[in-house]
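Each reported figure results from applying straightforward, stated rules to the coordinates on display, with no laboratory input. Values in this document were obtained by computation on a predicted structure and should not be read as measured data. Positions of Cβ are backbone-derived with ideal geometry, glycine not excepted, and every protein chain shown enters the neighbour counts.
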Amino acid sequence: MNLSHEPTKHILVCGATGYVGGRLVPKLLEKGYVVRCLVRSPEKLRAFPWCDHERLEIVQGNLDDRERVRVAVEGTDAAYYLVHAMISAGGDYAKRDRELATTFVEALKGSTCKRIMYLGGLGELGPNLSLHLRSRGEVADILRTSECATTVFRAAMIIGSGSASFEILRYLVERLPIMVTPKWVKMETQPIAIRDVLRYLVECVDVPETAGRTIDIGGLDIYSYQELMQIMAKSLGLRRRIILPVPVLTPRLSSAWISLVTPVNARIARPLAEGLRNRTVCRNDDAQNLMPGPLFDVREAIDAAVGKLEDGDIETRWSMAGEMPGDPQWSGGTVFDDVRSADIRASTDETFAALSRIGGSYGYWGADWLWWMRGVLDKCIGGPGLRRGRRHPETLSYGEVVDFWRVSGYERGRWLRLRAEMRLPGEAELEFRVGPRGDDSSHLVQTARFRPRGLLGLAYWYSVWPLHFFVFPTMVKGIRQDAEKMSRAKSPV
C-alpha cells in the first residue's frame, strides 16, 4: 500500500467519550490536527474542556449505522478505533464487538481513510486466553481485513486515575489490609502509564513504519499483581498488605468479590478478572524502536495517578463510557412522584452549585446511612452500588456517573436530572430545577420519580415510601443550607 509521508491532517476518533479517547482527542488537537468524533450523544462531549475547539468536528451516530460511519469517515486520513462493548453489552460483549468492527470496516470501503489505529489487549497467545483478551484479538483481526493499513497496539494494565484496572487495584489495597486472593496474583504483567499510551497513539500517525504492525506497549517494569499491590499500598501511605493466594478462587468468585469491594460491578469485573490469569508482557520492542522516548516506571505512574485523585483532577473515568439509555416515557402507566420544594436566600448559581455536590465523598445531606444501606444492597444483587463515586467533587456534565446514578439531563445553573442505574423493578429519576425568585433568591424543586415494573415494582415503591419522609426533605434542607452559606460567604462583611 502506498502511504503518504505527509503529516495526517484529518482524523476520526471512534470512542471519544471513553477513558482513552477522552484524553486522546485534546492531544491530537494540540498537534494541529482536525479531529472528527463519531458519538452517540454529543451532549456527553460537554464534559470536556476541548468541546468547543475550533478544529473539532462532531458527527452524531452509532457505530452499527453503516451510513453514519461513512459520513463520519469521509474526508479523513486516519481513524482511531477505541471502542469496546464490555461496559454496555454485558455478557454478549464479544459478539457485539465483532458486529461493530465488521460494520466499521465495511463503511471504510472506498473512503479517503488510509490508516486505522486500534488499542487492544496484551496477552500470551494460546488456548487458555481469556474471553476478554480473545475478543480484543478478534476485533484486531477484523480491522486488519480493511483496505486501510491497521496499527494494532496491545497494552496490559493501563495505570491512570480513573481507569477500571487501576480503580480495582486501588480499592482492593485501600480497603483490605489482609487479602485472600486467587493464585493469579503471582502472574506477571507489564503495566503502562496512560501518558505513555497517549504518546504512542499520537506519535504513530506520523511514523509510517508503524502502519500494518502489531505493536506491544508496556512500561519499564515487569511485576506480579501481588507486587503491584504492595507498590500501591506504599503510594497510598498504607502498611504492607498481607496477601494470601489460594487456588480455589474461580474467576466468578473473584469478580463477585471485586464487585463488593470496588466500584466496578461484576459484569465488568469478571472479564477483567479472567484476563488476569494470562501473562501480559510485551513480546516485541517495536514501540520504543519506532517511537523512542522516556517511559514512566510503575512507581512513578501510580504516584502520578494517586496525585490526580487527591487533587480531584480526573480527566476521564472508565464509567463515562457506554451507551446512554433512552429516556423513559413517563406518560402512561403508573408513575409515582415525590415533589419537594424550597425558597432559598441565595442566587440560582449558588443553589445549583450546592446541589451539584450530590453524592461521592460529599454524600446526601444527612441521610447518608440510608443511601449507604441501599448501595450495599445494590452491590449484593449485582448493581453498581455507591462506590463508583464521581469524577469531580463539584462539577457535573451530561453522561457522567454519580454513585449509582448517571446524569441524563443537565443545564448549568437551572436543571439536573439523575437516572438510576441501581438494580430496580422499574425506572427511577431524581430531578432538580432551580429558578429565580427575585431579590437574589431562588426556588428549588426536587422531584423523585418512579415507574414500577409489575407487582414487584409496586411493592418496592410502597416499601421505601415511608423513608421518603426523611430522605427527601433532608436533601432539600441540606441544599438550602449549603446555598445560603455560600451566599453569606460572598456577602461583604
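Fully extended, how many nm does the chain gain between Glu310 and Thr102 (0.36 nm per residue separation, minus their Cα-Cα distance)?
70.8 nm
Give, in nm to one decimal, the length gained when the segment between Cys51 and Arg453 is fully stretched (0.36 nm per residue of separation minus the Cα-Cα distance).
140.9 nm
Given a Förster radius of 51 Å and the C-beta distance between Leu467 and Leu176 as r, what FRET efficiency does 1/(1 + (r/R0)^6) yield to the nearest 0.05? Spell out each step's value before the answer.
Details: r = 31 Å, r/R0 = 0.61.
With a Förster radius of 51 Å, E is 0.95.
What distance in nm lies between label points placed 7 Å from Cα along the C-beta direction at Lys95 and Val281?
3.7 nm
Would you please give the FRET efficiency between Glu188 and Val246, computed as 1/(1 + (r/R0)^6) with r the Cβ-Cβ distance and R0 = 22 Å, to the nearest 0.05?
Efficiency, rounded to the nearest 0.05: 0.70.
With θ taken as phi - 60° and the coefficients 6.51, -1.76 and 1.60, list the Karplus ³J(HN,Hα) couplings across the stretch 143-154 in order, rounded to whole Hz; mark glycine and proline as x.
5, 5, 6, 5, 6, 7, 6, 9, 9, 9, 8, 10
In whole Å, what are the extents of the stretch 89-182 along the principal axes defined by its C-alpha atoms, from largest to smallest?
57, 29, 25
Going by amide H atoms built from the backbone, whose H comes under 5 Å of the H on Arg437, apart from near neighbours?
Ser442, His443
Mean shadow of the chain, computed from the convex hull of its alpha carbons, in nm²?
Working: hull surface 102.4 nm².
That works out to 25.6 nm², a quarter of the Cα hull's surface.
Could you bin all the Cα-Cα distances of the stretch 336-490 into 10 Å bins starting at 0 and give me the percent of pairs in each, rounded to whole numbers?
11, 41, 35, 11, 2, 0
Full-extension gain between Arg412 and Arg488, please, as 0.36 nm times their residue separation minus the C-alpha to C-alpha distance. Let's see the in-between values first.
On the way: separation 76, 0.36 × 76 = 27.36 nm, distance 2.17 nm.
Stretched fully, the Arg412-Arg488 segment lengthens by 25.2 nm.
Using r as the Cβ-Cβ distance of Gln60 and Asp206, and R0 as 35 Å, what FRET efficiency do you calculate, to the nearest 0.05?
Efficiency computed from Cβ-Cβ geometry: 0.75.
At 10 °C and a viscosity of 1.306 mPa s, what translational diffusion coefficient does Stokes-Einstein give for the stretch 360-438, taking Rh as the Kirkwood radius over Cα pairs? Give it in µm²/s as a whole number. Don't skip to the answer; put the middle values down first.
Numbers: Rh = 13.4 Å.
D = 119 µm²/s.
Hey, can you grab everything whose amide H is under 5 Å from the amide H of Tyr80? Only 5+ residues off in sequence or another chain; H modelled, so Pro and N-termini drop out.
HN-HN under 5 Å from Tyr80: Leu12, Val13, Cys14, Met117.
How big is the dipole moment of the chain about its Cα centre under a simple scheme where the beta carbon of each Lys and Arg is +1, that of each Asp and Glu is -1, and everything else is neutral? Debye, nearest 20, please.
Value, rounded to 20: 1200 debye.
Quick one: Debye curve from the alpha-carbon atoms of the stretch 431-493 only, equal weights, vacuum; give me log10 I(q)/I(0) at q = 0.21, 0.28 Å⁻¹ to two decimals.
Rounded to two decimals, the profile gives -0.92, -1.21.
Under a point spin-label approximation (7 Å from Cα along Cα-to-Cβ), what is the Asp440-Asp343 distance to one decimal in nm?
For the pair Asp440/Asp343, the computed spacing is 1.8 nm.
Could you sort out which of Lys379/Lys490; Lys234/Lys485; Lys186/Lys379; Lys109/Lys308; Lys44/Lys186 sit more than 32 Å apart by Cα distance in this structure? Don't skip to the answer; put the middle values down first.
Working: Lys379/Lys490 41 Å; Lys234/Lys485 38 Å; Lys186/Lys379 28 Å; Lys109/Lys308 42 Å; Lys44/Lys186 39 Å.
Table pairs above 32 Å Cα-Cα are Lys379/Lys490; Lys234/Lys485; Lys109/Lys308; Lys44/Lys186.
Go through Ala489, Gly366, Ile479 and say which Cα lies farthest out towards the positive end of the charge dipole of the stretch 336-490; charges sit on Cβ, +1 for Lys and Arg, -1 for Asp and Glu.
Gly366
Tell me what the chain gives for mean residue ellipticity at 222 nm when only DSSP H runs of n ≥ 4 count, each as -39,500 (n - 2.57), the sum divided by the residue total, rounded to 500 deg cm²/dmol.
My calculation for the chain gives -11500 deg cm²/dmol from helical runs alone.
Starting from the Cα of Glu394, step 7 Å along the direction of its Cβ; do the same at Leu377; then give the gap between the two resulting points in nm.
3.4 nm
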